[in-house]
1. Just checking, how many residues over segment 193-219 are touching a residue at least 40 places away in the same chain (Cβ under 8 Å) and not in a helix (DSSP H, G or I)?
2. From the list 262, 269, exactly one residue is surrounded by 13 or more Cβ atoms within 10 Å (Cβ to Cβ) and over 18 Å from residue 102 (Cβ atoms). Which is it?
3. Is it the case that some residue within segment 222-236 is at positive phi and in contact (Cβ under 8 Å) with a residue 40 or more places away in the chain?
4. Among what's in segment 125-153 and is in a helix (DSSP H, G or I) and in contact (Cβ under 8 Å) with a residue 24 or more places away in the chain, pick the residue that is surrounded by the fewest Cβ atoms within 10 Å (Cβ to Cβ).
5. Considering only residues of segment 154-178 that are in a loop (DSSP other than H, G, I, E, B) and of a type in the set (A, V, I, L, M, F, W, C), which is farthest from residue 192 (Cα to Cα)?
6. Within segment 209-230, restricting attention to residues that are modelled with pLDDT of 95 or more and surrounded by fewer than 22 Cβ atoms within 10 Å (Cβ to Cβ), which residue is farthest from residue 153 (Cα to Cα)?
7. Which residue out of 166, 204, 172 is in the same structural domain as residue 148 (by TED's automatic domain parsing), modelled with pLDDT under 95 and of a type in the set (A, V, I, L, M, F, W, C)?
8. Could you please tell me which pairs satisfy a Cβ distance under 8 Å, a separation of 6+ or placement on different chains, a first residue in segment 296-311 that is touching a residue at least 40 places away in the same chain (Cβ under 8 Å), and a second residue that is in a helix (DSSP H, G or I) and charged (D, E, K, R)?
Amino acid sequence: MRRLVFALVSVLFAAFYTVDAQAQAPLQKIRVTIPVPVLTFYPLYVARDHGDFAKQGLDVEIITTSGDGPDVDALIAGSVQFTVSTPNRLFMAYEQGKPLLAVANLGNVMAIECWMNKDTATKLGVSTATPLEQRLKALKGLTVAGTRPGAFTYLLLVEYAKRVGLEPQKDLKIIGIGGPAAMIPAIENDQIQVACNGSPAPELAVSRGKSVMFTNNLTGGDPAYQNFLFELLYVRPDFAKENPETVRKMIRALADAINFIHDGSDADHLVILKKNFSGAPDEMLLDSMHHMRPIFIRDVRVTQEAVDKAGKFMLQTGVVSKLPNWTEVSSNEYISK
């Protein structure tokens with residue numbers, strides 16, 4: 001009997017020790033870059049602050065690079081393990097012989113909005129009710145801005161110009177000016193007439209009274225940018241091959257975060273929003289999140305249609321001269337069944 005009791009105690013002790021050791025196991029440190037701190041990348045902030053990364057055993061540091069380009073450069077250089085960004089570098093890297101993988105599509109609508117100096121809009125007689133082609137033609141003679149040359153915010157303006165037969169840098173001036181902190185005062189001082197970025201920058205700019213919305217992409221104002229590979233999780237193919245479970249954990253955490261974005265209460269969201277997006281009133285933060293929420297898809301799988309639309313955009317803007325097959329730059333094998 002004593003031997004039986006001793007054996008039982010030993011088993012219970014071993015089980016307790018194993019569970020305790022697992023609970024005390026250090027989180028795996030991960031670094032991920034994003035171009036700018038806007039609501040487009042809300043799933044990352046939620047996954048970190050709602051505990052979804054920790055649940056997967058990850059301790060994730062989010063690094064902002066003030067425009068896309070440097071974010072993916074850091075990934076290629078190996079100084080970070082992941083990037084969440086727009087698709088331009090996916091195609092550029094492939095053409096340059098440095099292929100990367102899109103292993104999840106977090107947002108399938110192009111979520112950048114542009115806003116215009118209010119006096120300029122009044123003078124030109126344009127608003128979001130004006131037909132899109134007419135609005136785009138009204139860019140002629142203006143100075144417009146994205147975050148930096150080559151960034152998606154910049155390329156969007158290039159595509160808009162070319163779509164209506166305007167020649168960038170001749171019929172309109174396109175510049176890189178930095179993030180919202182630079183864009184908003186530049187618009188208000190009429191140094192530029194149109195700026196493009198993600199929420200809550202456009203909403204904040206309009207709320208200040210000197211700007212009006214120029215686009216309505218999030219509500220389907222431009223069909224070309226629906227079902228579009230816009231916000232993807234990048235990884236290097238070699239890292240994914242050597243660390244498949246880490247990639248799976250990252251995707252699971254982001255998928256859980258997207259579920260929370262759709263299902264969580266406003267009160268819970270507001271805690272995360274206020275922590276990461278200062279300078280905007282609570283109501284505006286919630287309205288911006290509600291406006292942005294539909295782009296985040298629970299099924300984070302990458303589709304051929306989304307990749308093909310993004311590729312077409314890259315060809316039209318002159319970023320690349322050829323396109324890969326969608327399976328050469330994307331993979332769904334790391335997504336849980």
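1. 16
2. Values: 262 fails: surrounded by 13 or more Cβ atoms within 10 Å (Cβ to Cβ).
The match here is 269.
3. Residues of segment 222-236 that are at positive phi, as a first pass: 227.
Remaining after also requiring in contact (Cβ under 8 Å) with a residue 40 or more places away in the chain: 227.
The answer is yes, given that some residue of segment 222-236 is at positive phi and in contact (Cβ under 8 Å) with a residue 40 or more places away in the chain.
4. Of all residues in segment 125-153, those in a helix (DSSP H, G or I) come to 132-137, 152-153.
Those left that are additionally in contact (Cβ under 8 Å) with a residue 24 or more places away in the chain: 132-133, 135-137, 152-153.
Details: 132: 18, 133: 10, 135: 23, 136: 23, 137: 19, 152: 30, 153: 26.
Result: 133.
5. In the first step, residues of segment 154-178 are kept if they are in a loop (DSSP other than H, G, I, E, B); the result is 164-167, 169-171, 177-178.
Still in the running and of a type in the set (A, V, I, L, M, F, W, C): 164, 166, 177.
Working: 164: 20, 166: 18, 177: 9 Å.
Applying the filter and picking the extreme gives 164.
6. Looking at residues that are modelled with pLDDT of 95 or more and surrounded by fewer than 22 Cβ atoms within 10 Å (Cβ to Cβ), I get 209.
7. Working: 166 fails: modelled with pLDDT under 95; 172 fails: modelled with pLDDT under 95.
Residue meeting the stated conditions: 204.
8. Between residues of segment 296-311 that are touching a residue at least 40 places away in the same chain (Cβ under 8 Å) and residues that are in a helix (DSSP H, G or I) and charged (D, E, K, R), there is no close pair.
The values are calculated or read from the model by the stated rules, or taken from the named source; none is laboratory data. Being a predicted model, the structure only gives us computed values, none of them experimental. For neighbour counting, all protein chains shown are included, and Cβ atoms are generated from backbone atoms with ideal geometry for every residue, glycine included.
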